[in-house]
1. For the chain, how big is the tail of P(r) above 42 Å, as a whole percent of Cα pairs?
2. How large is the helix-only mean residue ellipticity at 222 nm for the chain, computed as the sum of -39500 (n - 2.57) over DSSP H runs with n ≥ 4, divided by its residue count, in deg cm²/dmol to the nearest 500?
3. With springs connecting C-alpha atoms under 10 Å apart, model the chain as a Gaussian network and identify which of Ala322, Ala49, Ala135 has the largest mean-square fluctuation.
4. Which of Leu125, Leu176, Leu223 moves most in a GNM of the chain, Cα contacts under 10 Å?
5. Can you give the extra length, in nm with one decimal, that the chain gains between Thr280 and Asp264 once fully stretched, where that is 0.36 nm per residue apart less the Cα-Cα distance?
6. Gaussian network model of the chain, Cα springs within a sub-10 Å range: biggest mean-square fluctuation belongs to which of Ile300, Ile43, Ile11?
7. Pop out the ³J(HN,Hα) list for the stretch 155-170 in order, Karplus 6.51 cos²θ - 1.76 cosθ + 1.60 with θ = phi - 60°, rounded to Hz; leave Gly and Pro as x.
8. Hey, what's the stretch 177-318 come to in accessible area per residue, 1.4 Å probe, Å²?
Amino acid sequence: MSSRLSSDPTIGERIQERRLLRGWSVRLAASRAGISHATWSRIERGRQAADNRFMLADIAMALECSPADLAGAPVPAADRAAMAAQACVYRIRQALVDVDLSEPAVRSAPPVADLARTVALVDTLRQSCDYAGAARMVPDLLRDLHAASRGGPDRRAGLRLLCEVAFIASSVVRNLGHPAEAWLAAERCRDAAQAADDAVLVGYAAYARASAASACGSFHRALAVAGKAVDDLEPHLAARGGMEMTGSLLLVRAYASRGLKRLDDSRSWAGQAADLAGRTGETSTMGLYFGPTNVNIWRIGIEVDGGDPGQAVHIAATTNPATIPAGFRQVFYYADTARAYARLRGRDQEAIRYLLTAERLAPQHIHTSPHARETTRALLERSRRQAGGAQLRGLRERMRVD
């Protein structure tokens with residue numbers, strides 16, 4: 001391999017450093033994680049990509065840290081937008097601490113109609129994976145909506161908008177590699193939903209909380225949060241967004257169950273979500289895009305991380321991601337399918353093609369994704385002297401991958 005392009009350590013190096021600090025052997029650490037010592041060793045030495053979310057969570061639990069501690073939050077210097085997005089995380093965190101509904105607002109609220117237009121713009125930026133654009137606007141918007149939610153005739157509208165922006169903030173910082181901040185944002189989302197006394201919005205906040213918990217590697221918590229929310233929504237399925245919200249929560253249950261190695265439960269929840277999607281069809285309700293296509297995109301990610309890349313590729317072959325007009329879902333289709341192809345013998349060219357498509361679609365997302373970086377590193381290791389190596393070298397330069 002070429003000399004290091006950055007002083008940022010790899011995931012394998014972070015794993016090794018934490019293991020050595022504890023004075024543990026590879027065998028002891030691997031036994032704590034429930035994986036083979038050979039697999040652990042290959043990951044430490046960079047011989048195997050650490051791009052499996054469930055395995056990384058197991059390793060993090062063994063080392064008594066979070067998956068984010070091992071994955072890091074890479075900021076490739078070649079992507080100024082990705083750097084700008086990371087630079088906004090501190091301001092978002094600060095705003096989330098400030099917008100406590102039990103505390104008075106410190107500013108006057110702009111007209112709610114104006115705020116609603118700004119919220120729509122921010123969500124459009126998020127859905128196109130323009131995290132920098134969304135992140136720049138979120139802190140002030142959170143504070144304005146906090147003020148709008150404190151009282152007056154527009155209080156309920158302000159609370160609903162605050163719930164939506166806190167949800168957006170949670171999604172953005174989670175995808176930038178900051179799951180603890182994502183949990184804080186999801187908690188603010190829940191506060192606003194409960195104050196608005198809206199059962200579907202409470203489910204929406206539960207989806208954000210469960211997603212943040214999964215990103216922290218807390219699959220038990222994610223399963224509990226999503227499960228309770230599904231039960232609470234049962235009397236409200238006929239409400240606008242009730243079925244779509246329930247289906248989305250079932251997908252979180254499926255993902256968390258697979259993380260806990262409960263294969264049958266995972267497939268059961270995914271099957272129930274697919275049944276609901278058959279009833280709803282393709283939707284855009286609440287920006288969730290629940291429907292048959294999104295169910296398949298979730299199933300691809302679950303299967304590739306759950307150890308069945310062949311099944312993930314099979315699902316991908318029958319799925320048209322363009323059915324969903326939102327980059328933030330399409331990018332997961334291409335990135336997760338790339339990871340699946342990279343784990344199948346002789347399918348590196350397809351993996352490269354899907355990775356490059358994901359990058360064209362959402363460069364900020366791919367350039368800050370530790371899983372995409374690990375897949376790129378593994379492909380580069382195998383492909384330096386093969387066709388496709390030039391494409392990978394270009395991707396490597398843009399992502400600052402060794």
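1. Tail of P(r) above 42 Å: 11 percent of Cα pairs.
2. -22500 deg cm²/dmol
3. Maximum among the listed residues: Ala322.
4. The residue that fluctuates most here is Leu125.
5. 3.3 nm
6. Ile43
7. Per residue, the Karplus-derived 3J(HN,Hα) values read 4, 5, 5, x, 5, 5, 5, 4, 4, 5, 6, 5, 4, 4, 4, 4 Hz.
8. That works out to 37 Å² for each residue.
The values are calculated or read from the model by the stated rules, or taken from the named source; none is laboratory data. Model, not experiment: these values are computed from the prediction. Positions of Cβ are generated from backbone atoms using ideal geometry, with glycine treated the same way; all protein chains shown enter the neighbour counts. The area values use the complete protein model at the heavy-atom level, side chains included, leaving out ligands, DNA and RNA. Shrake-Rupley method; radii C 1.70, N 1.55, O 1.52, S 1.80 Å.
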